[in-house]
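> One structure, pasted below without further comment.
The values are calculated or read from the model by the stated rules, or taken from the named source; none is laboratory data. In this text, all values refer to a predicted model and were calculated from it rather than measured experimentally. With ideal geometry, Cβ positions are generated from the backbone for all residues, glycine too; neighbour counts draw on all protein chains shown.
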Amino acid sequence: MTKAVRLIEALASADGTVGVTELARQVDVDKGSVSRILHTLEAAGFVTQDPATKCYALGLTFVHLSEKALRTVTLRQAARNSLERLAKRTGESAHLGVLVQGSVLYIDQAAPTRGAWIDVPIGTLAPSHCTALGKSLLAFQPDEVQSALRMALDLQPFTRRTLTSVDALSLHLEQVRNSGLSFDDEEFSVGVRCIAIPILGRDGHVAATIGLSGPSPRMTDEQLSIWGTLIRQEANVISAVIGGPVENEDPVPAREIIAG
């Protein structure tokens, strides 16, 4: 892995294409190893070879990845104030997540100023079928994407409340789409409840999701009902910042969803 990183760095610093011999000299690795690594990187689109000169340059995969990284940075910047407001107003942990290969990737969080809180470090990957953020992300994918993801998920049970069948998850995600709200009622961790709402991007599709997590004794149905409105307001703020559509009112009051 270190050799591959050094090769990528050498190509990134080059003004144009670079041959195997020169790359081997720069990274101090034998030519045979350099060729094997380059072939692997080329198959994944990380490097490209000029058919005439046989020299290498960085591939278009890096363009795709850089665009995703920039979107993530923009989302974090757009959501930072909202996360802090939610944590301050509710006294619970606020989280921001995006969908990565069927899992939810936590890209930011804000902690309350005092009391116990749910710490999910930035960079954490969590299952999407049993977390509020994950279910929010799944539910608002285009139909064909959502269907493929549901079938590919490993519906592992984490608690006795975890949804472990495709049919049950599909019905649940339909309810999430109708209400706009998703919940994790101790489905991933015993003693923890969560609520989340999607953030829509410029194309009108879900770009991320924002939510609250806290100990079950504090995350009562009454509190979740109130906080659902607060989270939706902040999701609208973030959507507006990144150029997405804004929803003015709760399609279904949170208290009705929780009671149902």
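> Being under 13 Å from Lys135 (Cα atoms) and either among the charged types (D, E, K, R) or surrounded by fewer than 20 Cβ atoms within 10 Å (Cβ to Cβ) (or both) is the filter here, so list the residues in region 185-215 that pass it.
Asp185, Glu187 - these are the residues of region 185-215 that are under 13 Å from Lys135 (Cα atoms) and either among the charged types (D, E, K, R) or surrounded by fewer than 20 Cβ atoms within 10 Å (Cβ to Cβ) (or both).
> If the requirement is being touching a Pro at 6+ places or on another chain (Cβ under 9 Å), buried (at least 18 other Cβ atoms within 10 Å of the Cβ), farther than 21 Å from Glu174 by Cα and not acidic (Asp, Glu), which of these qualifies: Ala110, Ala116, Ala94, Ala78? First the steps, then the outcome.
Details: Ala110 fails: touching a Pro at 6+ places or on another chain (Cβ under 9 Å); Ala116 fails: buried (at least 18 other Cβ atoms within 10 Å of the Cβ); Ala78 fails: touching a Pro at 6+ places or on another chain (Cβ under 9 Å).
Going through Ala110, Ala116, Ala94, Ala78 in turn, the sole match is Ala94.
> Can you pull out every residue in region 161-184 that is farther than 20 Å from Ala208 by Cβ, small (Gly, Ala, Ser) and either touching a residue at least 40 places away in the same chain (Cβ under 8 Å) or surrounded by 13 or more Cβ atoms within 10 Å (Cβ to Cβ) (or both)?
Result: Ala168, Ser170.
> Condition first: touching a His at 6+ places or on another chain (Cβ under 8 Å), buried (at least 24 other Cβ atoms within 10 Å of the Cβ), within 13 Å of Cys194 (Cβ to Cβ) and among the hydrophobic types (A, V, I, L, M, F, W, C). Now tell me which residues in region 119-140 satisfy that.
The answer is Leu133, and nothing else.
> Of the conditions (1) under 30 Å from Arg193 (Cα atoms); (2) in a loop (DSSP other than H, G, I, E, B); (3) more than 15 Å from the chain's Cα centre (by Cα), Arg89 clears all except one; give me its number.
Result: Arg89 fails condition (2) only.
> Ok, one more. Out of the residues in region 30-43 that are surrounded by fewer than 18 Cβ atoms within 10 Å (Cβ to Cβ) and of a type outside the set (Gly, Ala, Ser), state the one that is nearest to Ala57 (Cα to Cα).
Glu42
> OK, next. What are the pairs, 6+ residues apart or on separate chains, where a residue within region 25-43 that is not assigned by TED's automatic domain parsing to the domain that holds Arg6 and at pLDDT 90 or above has its Cβ under 9 Å from a residue that is of a type outside the set (Lys, Arg) and buried (at least 16 other Cβ atoms within 10 Å of the Cβ)?
From region 25-43, no pairs qualify.
> Also, I was wondering about something else. Given (1) surrounded by 18 or more Cβ atoms within 10 Å (Cβ to Cβ); (2) at pLDDT 90 or above; (3) under 30 Å from Ile226 (Cβ atoms), where does Tyr56 come up short, assuming only one miss?
Condition not satisfied by Tyr56: (3).
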